[in-house]
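One structure is given below, encoded as structure tokens.
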Amino acid sequence: MKLTQNYKRIVIKIGTSSLLDPLGSLSQEKLLRIVEQCVKVRRLNKEVILVSSGAIASGKEILKSLANRKDLPAKQALAAIGQIRLMQYYSNLFSLFKQPVAQILLTAEDLNDRKRYLNISYTFETLLKEGVIPIVNENDTVAVDEIKIGDNDTLSAKVACAVNSDLLIILSDVEGVYTKDPHLDPSAKLISEIYEIDENLEKSAGPGKGTGGMYTKISSARIVMEAGIPMVLASSEVQEVIIRIIMGEKIGTYFIPKKEHRKRRKHWLLFITKPEGKVYIDEGAVEAIIKKGKSLLPVGIKKVEGNFSNGDVVSICDINGEEIGRGISNYSSFELNRIIGKTREEIVELGNFIYEEAIHRDNLVLKESEKINQ
Ligand code: GLU
């Protein structure tokens, strides 16, 4: 198959082992290699989100007294120390190319909660629109077990879904997925394309759930494939690996989602969720969302029914009450009631209403979805 796609939004994950020198210190040279490639991708007018590990390792370098401790408070303290250093390096290196960057630290809670998930995706959206490269890590300092994502492979997969990215690249110290463990069996072959993650593949990835293991890479592939997003697992040591992948060169292992996976997500929104309320929209809005594939703006809403919060799923009905789709509302019913029928300018005057759309296109599914190829 042809792998060259017009990837516009790319999430790149880089693991700790790919950032350290042989003595275990953060390697400026390796960081620079990643930074240079990210800048090149930006210059191709693509959007980049970098998920970078390395905080704890960097903390160990600074505070040797905690370096050998395995308990959570020590790790959290190390992450608190190391994260600033990591970002200092990134910020300095990216500034050599006048590339603005931002730091986003997340916990599992932020992604599980729909409202926060929505707010986070808008923050990403705003940064990306302005050409900024967000640099993401887990907020290790506050993430105790219950709210921990646990590893940055999974974090990168969830971020890729949150921002609806076109591709996830996981860079690691492995070349990709092999038929067997290449360290144990020299006949092991690199698998260049994976279309489905079956039990055998999961088993061959081993039971280890530690950070950086193959298990987390395979399960990350599953997360993004379910959302219709392809993933590439490749070695960070390959020269210009990021650019080459984006240009369509076959490097490492490609995880290729089936088309219907994206539909499943829409299926979830349309058939599995229980709408918390209804919005009745006028003919102009019906036409805009059905024929033109637009977001739903407050100006097109005639009436709001039910009591819902922002981030809740609502049913979108035409003026006769017939449901035409569903979506996740940016506003609560209370807030919507203040702005329905109003133009953008009128809403801005009211203050406090940060979103232009009542329901963003990315969070909207039409019943007749096949017709407009959503
Ligand atoms: N968040 C951790 C760190 O920055 C890394 C976790 C991982 O590598 O999966 O040190």
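Couple of notes before you dig in:
- Long hydrophobic helices in the chain, taken as whole DSSP H segments with a C-alpha length of 24 Å or more on their own axis and mean Kyte-Doolittle hydropathy at least 0.0: 72-95.
- Under the shape rule built on the C-alpha gyration tensor, where the axes satisfy a ≥ b ≥ c, the chain is prolate, since a/c reaches at least 1.5 and a/b is greater than b/c.
- Selection from 353, 257, 144 lying farthest towards where the dipole of the chain points positive, charges on Cβ: 257
- Protein-only accessible surface at a 1.4 angstrom probe places the residues 314, 174 in the order 174, 314, largest first.
- When 75, 367, 266, 129 are compared by accessible area of protein heavy atoms, the largest-first order is 129, 367, 75, 266, using a 1.4 Å probe.
- Restricting region 119-201 to chymotrypsin sites (Phe, Trp or Tyr not before Pro) that sit in a DSSP loop and have at most 16 other Cβ atoms within 10 Å of their own Cβ leaves 195.
- Shown in residue order for region 168-183 are the 3J(HN,Hα) couplings computed by the Karplus curve 6.51 cos²θ - 1.76 cosθ + 1.60 at θ = phi - 60°: 10, 10, 9, 9, 8, 8, 10, 6, x, 8, 10, 5, 9, 5, x, 6 Hz (x for Gly and Pro).
- A 1.4 Å probe run over the protein chains yields, for region 114-184, 42 Å² of accessible area per residue, whole-number rounding.
- Positive-end ranking of 170, 343, 295 along the dipole of the chain, with charges on Cβ about the Cα centre, is headed by 170.
- Of all accessible heavy-atom area on the chain, the percent that carbon and sulfur account for (1.4 Å): 50
- If the chain linking residue 235 and residue 368 were pulled fully straight, counting 0.36 nm for each residue of separation and taking away their Cα-Cα distance, it would gain 43.6 nm.
- In the structure shown, the pairs 148/342; 8/303; 13/292; 258/292; 8/115 are assessed against 31 Å; a Cα-Cα span above that value is assigned to 148/342; 8/303; 13/292.
The values are calculated or read from the model by the stated rules, or taken from the named source; none is laboratory data. Note that the coordinates shown come from a computational prediction; the quantities given were computed from them, not determined experimentally. In this analysis, Cβ positions are derived from the backbone assuming ideal geometry, glycine residues included, and neighbour counts consider all displayed protein chains. Surface accessibility is based on the protein's heavy atoms, side chains included, excluding ligands, DNA and RNA. Shrake-Rupley method; radii C 1.70, N 1.55, O 1.52, S 1.80 Å.
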